[in-house]
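These notes concern the structure reproduced below.
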């Protein structure tokens, strides 16, 4: 069931995975400026509510109804095993943050886990219900609409937590989110999340050759903001360097077990925003952090 907390204030899903606005809407102004937690949350929730239909129509077939994909490269959890061996997932309580239409959670449920799919966007979770109805899949995940930085669960509620491009790129205070994840994990619990690879911030978000020339400083942490004619943010994404991400993980009480940078596979010929076979063969597009709660 979809639950609605009193004050959702964080984010939902992947960054440069964004789609264009409908033709009848004014193109927002792209800029780099400060955006706090409240503004970031408001922009993310409204953006994903507004764009969920187009996003699922465009990318739903790639994501599948019950496939666990870590990013545009197509790295599948069935192959990667970053949460642990698939045969050992049965009976585990798993929290997916920024779940979108809950494709990853359905994959987990099919392997006997007990997943909870959490997202800030009501419309994304409606797509989760739609897919569940269309596929008539058994063992569907529970759906919760909530803030990634204020998880509505008791301490030690889950064995695992995961996020495939969900929430983390869009929050101004990732330590707050990671600390909440640690709180709801049981001792020894694993937290695995994927984000746009930080090096991508130095390059234009273009899939062709024009996207291979450095255009900005990798060390500029100023958020990327798209704003309307009144200056209100309609899309916000926050940049952290690789070092920042590692420090955020450690500051939250986790131990970093692995950092995975998927290579672009030969079978994947699609372009997705700034991701493409051309760029993927030269620079990393995704970073996956594998963390454990001591």
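Rounded to whole Å, give me the distance from the Cα center of the stretch 239-294 to that of the stretch 31-62.
Spelled out, the Cα-based centre of one part sits 20 Å from the other.
If you average the sequence gap of Cα pairs under 8 Å that are 6 or more apart and divide by the length of the stretch 90-195, what percent do you get for the contact order?
30
Each label point is 7 Å from the Cα along the Cα-to-Cβ direction; what then is the distance between the points at residue 76 and residue 155, in nm?
If labels sit at residue 76 and residue 155, their model points lie 4.0 nm apart.
Name the shape class, rounded, prolate or oblate, that the alpha-carbon gyration tensor gives for the stretch 180-294, where a ≥ b ≥ c are the square roots of its eigenvalues, rounded holds for a/c under 1.5, and otherwise prolate holds if a/b is larger than b/c and oblate otherwise.
Oblate.
For helix 37-63, what angle does its Cα long axis make with the longest principal axis of the chain, in degrees from 0 to 90 and rounded to 10?
80
Rounded to the nearest 5, what is the percent of antiparallel bridges among the DSSP beta bridges in the chain?
Around 55 percent antiparallel, to the nearest 5.
Please give the Cα centre distance for the stretch 167-216 versus the stretch 76-142, rounded to the nearest Å.
Rounded to whole Å, the Cα centres lie 20 Å apart.
Using label points projected 7 Å from each Cα along Cα→Cβ, tell me how many nm separate residue 219 and residue 278, to one decimal.
3.0
Ranked highest first by the average count of other Cβ atoms within 10 Å around their residues, in what order do 221-228, 100-107 fall?
On the way: 221-228: 17.9, 100-107: 27.5.
Output ranking for 221-228, 100-107: 100-107, 221-228.
When only alpha-carbon atoms count, how far does the chain stretch along each of its three principal axes, as whole angstroms with the largest first?
47, 38, 37
What number, in percent, do you get for the relative contact order of the stretch 181-242 if the mean sequence gap of Cα pairs under 8 Å and at least 6 apart is divided by its residue count?
Details: 60 pairs, mean separation 15.5, N = 62.
Across the stretch 181-242, relative contact order equals 25 percent.
How high is the relative contact order of the stretch 36-293, in percent, with contacts defined as C-alpha pairs under 8 Å that are six or more residues apart?
RCO, the stretch 36-293: 20 percent.
Taking only DSSP H segments of four or more residues, each worth -39500 (n - 2.57), what value at 222 nm results for the chain once the sum is divided by all its residues, to the nearest 500 deg cm²/dmol?
-8000 deg cm²/dmol
Which angle between 0 and 90 degrees, to the nearest 10, do you get for helix 174-184 versus the longest principal axis of the chain when only C-alpha atoms count?
The two axes meet at around 10 degrees.
How compact and how long is the stretch 56-136, expressed as Rg and Dmax of its alpha-carbon atoms in Å?
Over the stretch 56-136's Cα set, Rg and Dmax evaluate to 12.1, 33 Å.
With the chain treated as a Gaussian network of Cα nodes joined by springs under 10 Å, which of 82, 26, 160 yields the largest mean-square fluctuation?
26
Computed from the coordinates by the stated procedures, all read-outs in this text should not be read as laboratory data. Quick caveat, the model's predicted, so the values are computed rather than measured. Positions of Cβ are generated from backbone atoms using ideal geometry, with glycine treated the same way; all protein chains shown enter the neighbour counts.
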